[in-house]
Amino acid sequence: MFSARHFGIVVATVAWLCSNPAFSQPSGIGETGRGVTLQVRVMLANDRPVEDPLRVDLLASGGQLLTAGWTNSNGMAVFYDVPAGDYRVRVSGGNVQETLGGFFYLESRMRNHSETVVVEPSASKPASTAGLPTIAIVDVNVPKDARKAVEKGVEAFNHGDLEDARKSFEIAIAKYPNYASAYNFLGQTFIQQKDSERGRHAFEKAIELNQNFAEAYTNLAKVYFHQQKLDLSEPLLEKAVAADARNAEALTYLVQVQLLSGKYDMAAANARRVHELPHNDYAIVHFMAARALRANNQRPEAISEYKLFLQEAPQSKNASQARQELTQMENLKP
């Protein structure tokens, strides 16, 4: 038998979570002024551009998340100063199926490059089914000038012009006070500006306007998470998952909160839910699952999770620690 106390299960916050694109600007993108301007156009199969904001992730060729942006009403997301290299993009959110684009290469001599990603609408759900859309009903009737202000804010945010982004989102809200998505974007801008208190208030307002806004619940939960207020973070993450059962980010945060809170059975169960989803950016969940299972004296299952983590993220900053813990587990007598 073995015990959690032999391994120090409750550890400091895993560093990867602090690098989420909603809370910090990844290095290398938008810094030099000499890279490529990448335009990603997202379209439906009938050649119509998407209208609701969709998240566009810029991935390295190995699948690592580099940065993220949002589409405007013309279905366009723009990334500035992207270095030369191999990339692909992933589109998610709204009412479309998560879509992974093909590989493309950016040459250093390029100034502009365009990619088009065709997405399919997600399967419709009965009204009684959990997982309602994250766009509030009040957002459907947003006036054109308010929508344009949000587009301008998103472009400024993606370009690192946080003060311009803040002003644009506040203009959108002034034109349409019930704009839940604008409050959510404003909250992310405040977080980037290291103003967590104003960010918290913005996320709370977004949730007040749209009680099924999974992303706003997740963002508010992350504020409390980074303040080490796990008791406040956990119920918000549960609401995010209830609103969007395929939200791998919210589930992964929930796993860590439950792990740090000593709720090992729940952490392991939610880690399995993440594994069933596309989770290229969240391989760390296997590391956390291994520690939860280890704490519950489930040695074979813990070993399996360690191996899955090392298989999916062999270059992770946590890989060395995982290898060490795996070796310790394998050398223990059942």
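Each value in this text was obtained by applying a stated rule to the coordinates, not by laboratory testing. Since the model is a prediction, treat every value here as computed from it, not as a measurement. Every residue, glycine as well, gets a Cβ built from its backbone with ideal geometry; the counts of neighbours run over all protein chains shown.
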Problem set entry | Among LEU44, VAL78, THR99 - extreme Cα towards positive end, dipole of region 36-119, charges at beta-carbon | VAL78
For this session: Beta carbons within 10 angstrom, averaged per residue: use that to sort the peptides 72-82, 92-102, highest first.
Result: 72-82, 92-102
For this session: Rounded to whole Hz and in sequence order, give me ³J(HN,Hα) for region 263-279 from the Karplus expression 6.51 cos²θ - 1.76 cosθ + 1.60, θ = phi - 60°, writing x for Gly and Pro.
Result: 8, 5, 4, 5, 4, 5, 5, 6, 4, 5, 5, 5, 4, 7, 9, x, 9
For this session: Report ³J(HN,Hα) in whole Hz for each residue of region 163-177, in order, from the Karplus equation J = 6.51 cos²θ - 1.76 cosθ + 1.60 where θ = phi - 60°; Gly and Pro get x.
Result: 5, 5, 4, 4, 4, 5, 5, 5, 5, 4, 5, 4, 6, 8, x
Problem set entry | Unsatisfied cross-links (Cα-Cα over 23 Å) in the set LYS239/LYS317; LYS175/LYS205; LYS205/LYS239 | LYS239/LYS317
For this session: Would you mind checking which residues have amide H under 5 Å from VAL119's amide H? H placed 1.01 Å from N; only 5 or more apart, or other chain.
Result: MET43, LEU44, ALA45
For this session: Could you give the size of the charge dipole of region 143-263 about its Cα centre, using +1 on the Cβ of each K and R and -1 on the Cβ of each D and E, expressed in debye and rounded to the nearest 20?
Result: 120
Problem set entry | Among 113-122, 266-275, 154-163, 286-295, the order from most to least packed when residues are scored by Cβ within 10 Å on average | 286-295, 266-275, 154-163, 113-122
Exercise. Got a sec to turn the phi values of region 282-293 into Karplus ³J(HN,Hα) couplings, 6.51 cos²θ - 1.76 cosθ + 1.60 with θ = phi - 60°, whole Hz, x for Gly and Pro?
Worked result: 10, 4, 4, 4, 5, 5, 5, 4, 4, 5, 5, 5
Exercise. For region 184-334, with the dipole built from +1 on Lys and Arg beta-carbon atoms and -1 on Asp and Glu ones, taken about the Cα centre, which of TYR224, ALA289, ASN270 lies farthest toward the positive end?
Worked result: ALA289
Seminar exercise, completed: Note on region 36-119, DSSP bridge orientation, antiparallel percent to nearest 5 equals 75
